[in-house]
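Where a number appears in this text, it was derived from the coordinates with a stated rule and is not lab data. Because the structure is a prediction, the values reported are computed rather than measured. Because the Cβ atoms are built from the backbone with ideal geometry, glycine has one as well, and the counts that use them run over all protein chains shown.
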Amino acid sequence: MKTIWNKIPAWIKAIILAVVIVLPVVTLVQSIVIFNLKSNTGWGWALLVTIPVLIIFWKLVQRFTSFSKPEDVKIKMNLNWSDKKVWIRIIGLVLATITTIELFSLAFGDVPEVQNAFLQTFKQFNEITALPLLFALALSAGVVEEVVYRGIIQNVLVRAYPKTRAFIMIGLLFGLLHFLPVSLLLPYLLVSIFFSLVANEFKSLGAVIIAHALTDLLYFIYGYFVEFDKFETDQLLPLSIGFILSIFFLLYGNNSILRIRKNKLSLQK
């Protein structure tokens, strides 16, 4: 079986891993949350179930994967949390995700309708029920998607292709599996590349998991308390300023981007 797996092209492995791991785990968590809503118990107990599910998922992935090369992104949270660059990157990722997606939504008039419709179901429940469940969804998305896309698929693809190509392939897969309008595939591709760059910089999932979960949580809370409306043109300026700031936060002192650029140039010679 291992011999057959080794013969499969890396890009096909990436698709298989995303479909076989991400979709079932995310579906499981969503099913628990929906059952919690339907049971109408008056509080979001599904959060207490989701956390052990994610811990088991984390332990299983660490048990059955072995990415230990210096260039690998480790499936760990260990980072120098006193390093200001870590928090600058997290802020940059959150800001870049929000502004990139909203700018494209503004330009094309499209929104992620499936995701927004799902969030509407929480509005009929009080905060004691809804907010813990929204936190469970944000946490599961941050952990599961970053473990698979950055902790597994990124390592698989980077071993087979140049990093620039690998990051683009991850972004395409990331966007397609979110079942988005075509006009939103590009911003999701860009956002995924930003996350891949940060994971590559720190060789750890700590920053990207926190940024992903925090972004989703902010989005969910906004959707719960405020109606999702299409952005107006007068919001173009603040969104553009936010995007420019996010790029600064992501590039500030990021030596890994320079290394990728040097590697790309050396391959072209």
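Structure values in brief
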| quantity | calculated |
| --- | --- |
| The chain: relative contact order as a whole-number percent, Cα under 8 Å and 6+ apart | 32 percent |
| Peptides ranked, highest mean first, by Cβ atoms within 10 Å: ranges 164-176, 196-208 | 196-208, 164-176 |
| Assigned charges on the beta-carbon of Lys, Arg, Asp, Glu; the chain dipole about Cα centre (debye) | 1720 debye |
| Gain in span if fully extended, V49 to I8, counting 0.36 nm per residue against the direct Cα distance | 11.2 nm |
| For the chain, calculated [θ]222 nm from helices alone, where every DSSP H run of n ≥ 4 adds -39500 (n - 2.57) | -23000 deg cm²/dmol |
| Out-of-range pairs (alpha-carbon distance over 27 Å; input K38/K59; K85/K163; K13/K203) | K38/K59 |
